[in-house]
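Enquirer: This is the structure I have questions about; it appears just below.
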Amino acid sequence: MTDVQSFTPVQVPARVGQATAVEQSRAATEVLASVQAALMFPRDVQRSLMEMRQSCSTEYMAQRAFYSYRRGGENVAGPTVQLARELARCWGNVHYGVAELSRDDVAGQSEMQAWAWDVQTNERVSSTFIVPHGRDTKTGVKPIEDLRSIYENNANAAARRLREMVYALLPVWFRAEAEEICRRTMQGGGTMTREQKIAFYLEAFARKSVSQRQVEAYIGRPADAWVVGDIDTLQVVFNEIKDGVKLIGDVFGAEPLRDADVTAPAVRGQSWPVQGYGAPDAGTSQPLPESATWPVTAQIPGATGRRRSVQEGEPQDVPPIDDYEGGE
Amino acid sequence: MITEPGLYADVPESVYHRDPVDGGSLSSTGARRILDTCPAKFRWEQDNGRVSTPAMEFGTAAHTIVLGTGKPIHVMSEGNQDFRKTDAQIERDEAMAGGYIVLKQAEYDRVMGMADALRRHPLAGSLFTRQLHEGGRLIDSGGMAEVTGVWQDDVTGAWCRLRLDWLRPPTDGPFLLPDYKTTTDASLSAVEKTIANYGYHRQGEFYERGVRALLPGEKPQAVFVFQETTAPYLVTVVGVSAEMRRAATRMNRRAINLYAECVRSGEWPDYNNGSIYTAEMPVWLAKIEGE
């Protein structure tokens, strides 16, 4: 006979701490109070606009308004979570946040939620998502186990979702104008000419051991052909590196090869440590005569077109199967 | 059998492909096959070898002549240019049994034309330069064809192997690892597609990884020399972007980890680990049949 077991449809924590109990009742009251306050003090759209314009006109905000990285041979760029938070503040009566709903150390993941809430219109958007406790490294995905790193990893993933939630809530035109002002601020910032800016960034990157060729490869064209948008991109990347959001090695790869790299002459008398294999049939590869010119075509029996015995020469194995299936 | 890490000359190609490393090793082709197919197929190909196609045979012949590895080539005699004839078949089979690479006269002429065009290409010519002359006297061999490398992965301890088409001597410039590829189309867009389709960026990174392990402190960079197999035998010399290199690094790491895990467990799973799979609708079909 089957045992009948009690079934709890929703998993509840085994123990509710005092802080949690207080938070539960506080949250319920806060929801009510926020909505009431928003109704009492509705947003003044003109004032929101003014605040946004003022904020986006500062170089500090403008320089942190966009992110950019390289994927699929193109720059991927967009507004940052910093801009999202600032716009939420300017727009007013917007609450937002992220919460870790549960953490599973065995499966190595956290279930999280990002949300944004317009308390005045009562419009709420949220997204629940899983964050694996792992990090992409050059040697594959590495599990993250220490608490601080898990926290940081969760916070990073949540920030991106939060950004989307806030932008989903804000009017499109409000965000579009903010981005436009930020771009103008970046371009007009200071009194440097285009050439001066290019020189400034190339020098700044050079101080971080990033060569002009690497920067040019990142942008996709030589420095003298850079347009205003390219310089903006550089500015964004430079700030991201400066703020520690990105590592130089992740942004700029090795320098692309030039023709001169290929034709560089050999250093006389130096060689690599190559040892002989010493197999009994190793002699099948014939030593080259000193007078040989390139390309060396081994003795080619039968090249005269005369039917000949193939018994000459060392017997060899069937031609190899290599990986040059490319092409034909 | 090779039991120590190192660079080895004169490892016969057939021995390399059968795996000269005691206890087994992962090659660059293997690293692509184990991820792109599955461990079960990879294992079968390791044990049984892959089927050689005429394109591969021609590629091998081009390698032999262009790189001058000294393998013998047999050109079919004048009356035996058609393999449907019994005489031609006998001549071909005899030659193949003797270990020769068999080419028809037209193919041989093509390969020679390719070698000539490659030598005259300003970049490719110097990549594969064999000898360094001074005042008509040979002072440096200039490089070695077909060098085998064997190393142990520092993360998993798995044994890996590589075979460089050409090991250049130390130069004033970056340490380049050239690899020669024959192709029907060496245009830039075709070459990009070919690299992506066959995972040549992954091959390049695998070689760089191996050479770094064997020659600590060096920063080798793979570079591909694509040559068309029809006149005028155009050549394109190609390096890979930082982004492709990063992708290749990730894929090769996954491949080595997977290989090491299979070796450790002795299990070589198939495509879906023996489980049932639910087919999803591909994007292109959804466009036609979707709601």
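The values are calculated or read from the model by the stated rules, or taken from the named source; none is laboratory data. As the structure is a prediction and not an experimental result, all values here were calculated from the model. When we count neighbours, we look across all protein chains shown, and the Cβ atoms used for this are built from the backbone with ideal geometry, even at glycine. For the accessible areas, the whole protein counts, side chains as well, though only heavy atoms, and no ligand, DNA or RNA atoms are used. Shrake-Rupley method; radii C 1.70, N 1.55, O 1.52, S 1.80 Å.
Enquirer: Tell me, which residue of the range B:180-191 that is in contact (Cβ under 8 Å) with a residue 12 or more places away in the chain and open to solvent by 10 Å² or more (accessible area, probe 1.4 Å) is nearest to B:V111 (Cα to Cα)?
Expert: Among those residues, the one meeting the criterion is B:T184.
Enquirer: Could you list, in sequence order, all residues of the range B:170-191 that are assigned to a loop (DSSP other than H, G, I, E, B), under 12 Å from B:T236 (Cβ atoms) and within 8 Å of chain A (Cβ to nearest Cβ)?
Expert: Listed by number, the list holds a single entry, B:D185.
Enquirer: Moving on to the next point. Would you be able to say whether some residue in the range A:54-63 is open to solvent by 20 Å² or more (accessible area, probe 1.4 Å), closer than 20 Å to A:V237 by Cβ and without any contact (Cβ under 8 Å) to a residue 40 or more places away in the chain?
Expert: yes
Enquirer: Quick one: would you say B:Q221 is out of contact with any helix residue (DSSP H, G or I) (no Cβ under 6 Å at 6 or more places or on another chain) and closer than 23 Å to B:E146 by Cα?
Expert: So B:Q221 passes the test.
Enquirer: Confirm whether A:R307 is modelled with pLDDT under 70, assigned to a loop (DSSP other than H, G, I, E, B) and within 30 Å of B:P216 (Cβ to Cβ).
Expert: no
Enquirer: Can you work out which of the residues in the range A:128-162 that are closer than 20 Å to A:V251 by Cα and in contact (Cβ under 8 Å) with a residue 40 or more places away in the chain is most open to solvent (accessible area, probe 1.4 Å)?
Expert: Ranking the candidates gives A:R160 first.
Enquirer: Hey, A:V262 hits all of (1) closer than 16 Å to A:N75 by Cβ; (2) crowded, with 17+ Cβ neighbours inside 10 Å; (3) within 14 Å of chain B (Cβ to nearest Cβ) but one; which does it fall short on?
Expert: Evaluating A:V262 over (1) closer than 16 Å to A:N75 by Cβ; (2) crowded, with 17+ Cβ neighbours inside 10 Å; (3) within 14 Å of chain B (Cβ to nearest Cβ) leaves (1) as the failure.
Enquirer: Another one. Of all the residues that make up the range A:72-91, how many are open to solvent by less than 60 Å² (accessible area, probe 1.4 Å) and among the small types (G, A, S)?
Expert: 4
Enquirer: Give me a count of the residues in the range A:209-234 that are more than 14 Å from chain B (Cβ to nearest Cβ) and in contact (Cβ under 8 Å) with a residue 60 or more places away in the chain.
Expert: Number satisfying all stated conditions: 2.
Enquirer: If a residue has to be open to solvent by less than 10 Å² (accessible area, probe 1.4 Å) and assigned to a strand (DSSP E or B) to count, how many in the range B:58-109 make the cut?
Expert: 5
Enquirer: Within the set of pairs 6 or more residues apart or between chains, which connect a residue that is closer than 19 Å to B:L67 by Cα and facing another protein chain (nearest Cβ under 7 Å) inside the range B:1-21 to a residue that is modelled with pLDDT of 85 or more and open to solvent by 20 Å² or more (accessible area, probe 1.4 Å) with Cβ atoms less than 7 Å apart?
Expert: From the range B:1-21, the pairs are B:L7/B:L214.
Enquirer: Within the range B:148-169, work out how many residues are of a type in the set (A, V, I, L, M, F, W, C) and within 9 Å of chain A (Cβ to nearest Cβ).
Expert: Residues in the range B:148-169 being of a type in the set (A, V, I, L, M, F, W, C) and within 9 Å of chain A (Cβ to nearest Cβ): 2 in total.
Enquirer: Further, regarding this structure: Specify which of the listed residues (B:I65, B:I90) is among the β-branched types (V, I, T) and at pLDDT 80 or above.
Expert: B:I90
Enquirer: Answer yes or no: is there a residue in the range A:64-71 that is within 21 Å of the chain's Cα centre (by Cα) and open to solvent by 70 Å² or more (accessible area, probe 1.4 Å).
Expert: Yes, the range A:64-71 has at least one match.
Enquirer: A:I181: assigned to a helix (DSSP H, G or I), among the β-branched types (V, I, T), open to solvent by less than 70 Å² (accessible area, probe 1.4 Å) and closer than 20 Å to A:R71 by Cα, yes or no?
Expert: Answer is no for this residue.
Enquirer: For the range A:84-105, name all the residues that are in a strand (DSSP E or B) and within 30 Å of A:Q54 (Cα to Cα).
Expert: Listed by number, the residues that qualify are A:V94, A:H95, A:Y96, A:G97, A:V98.
Enquirer: Follow-up. Confirm whether A:V237 is open to solvent by less than 30 Å² (accessible area, probe 1.4 Å), within 14 Å of chain B (Cβ to nearest Cβ), in a helix (DSSP H, G or I) and at pLDDT 80 or above.
Expert: yes
Enquirer: Could you grab me the full set of residues in the range A:53-76 that are of a type in the set (A, V, I, L, M) and in contact with a helix residue (DSSP H, G or I) (Cβ under 7 Å, 6 or more places away or on another chain)?
Expert: A:M61, A:A62, A:A65
Enquirer: Give the number of residues within the range B:260-291 that are open to solvent by 80 Å² or more (accessible area, probe 1.4 Å) and in a loop (DSSP other than H, G, I, E, B).
Expert: 10
Enquirer: Consider A:L234 against the criteria (1) within 24 Å of A:T137 (Cβ to Cβ); (2) in contact with a helix residue (DSSP H, G or I) (Cβ under 6 Å, 6 or more places away or on another chain): it satisfies all of them except one. Which criterion is unmet?
Expert: That leaves (1) as the condition not met.
So that you can scan it fast, the table gives a plain yes or no per residue for (1) basic (K, R); (2) not in a helix (DSSP H, G or I):
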{"residue": "A:A107", "(1), (2)": "no, yes"}
{"residue": "A:A114", "(1), (2)": "no, yes"}
{"residue": "A:W117", "(1), (2)": "no, yes"}
{"residue": "A:I130", "(1), (2)": "no, yes"}
{"residue": "A:R148", "(1), (2)": "yes, no"}
{"residue": "A:E152", "(1), (2)": "no, no"}
{"residue": "A:A159", "(1), (2)": "no, no"}
{"residue": "A:F174", "(1), (2)": "no, no"}
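Enquirer: Test each condition in (1) assigned to a loop (DSSP other than H, G, I, E, B); (2) open to solvent by less than 80 Å² (accessible area, probe 1.4 Å) for B:M244 and report the one that comes out false.
Expert: Going through the list (1) assigned to a loop (DSSP other than H, G, I, E, B); (2) open to solvent by less than 80 Å² (accessible area, probe 1.4 Å), B:M244 breaks only (1).
Enquirer: Evaluate the range B:223-231: report whether one residue or more is open to solvent by 10 Å² or more (accessible area, probe 1.4 Å), closer than 30 Å to B:M112 by Cα, among the acidic types (D, E) and assigned to a helix (DSSP H, G or I).
Expert: Checked the range B:223-231: no residue is open to solvent by 10 Å² or more (accessible area, probe 1.4 Å), closer than 30 Å to B:M112 by Cα, among the acidic types (D, E) and assigned to a helix (DSSP H, G or I).
Enquirer: What number of residues within the range B:195-204 are under 13 Å from the mean Cα position of the chain (by Cα) and either open to solvent by 10 Å² or more (accessible area, probe 1.4 Å) or farther than 24 Å from B:W159 by Cβ (or both)?
Expert: Result for the range B:195-204: 4.
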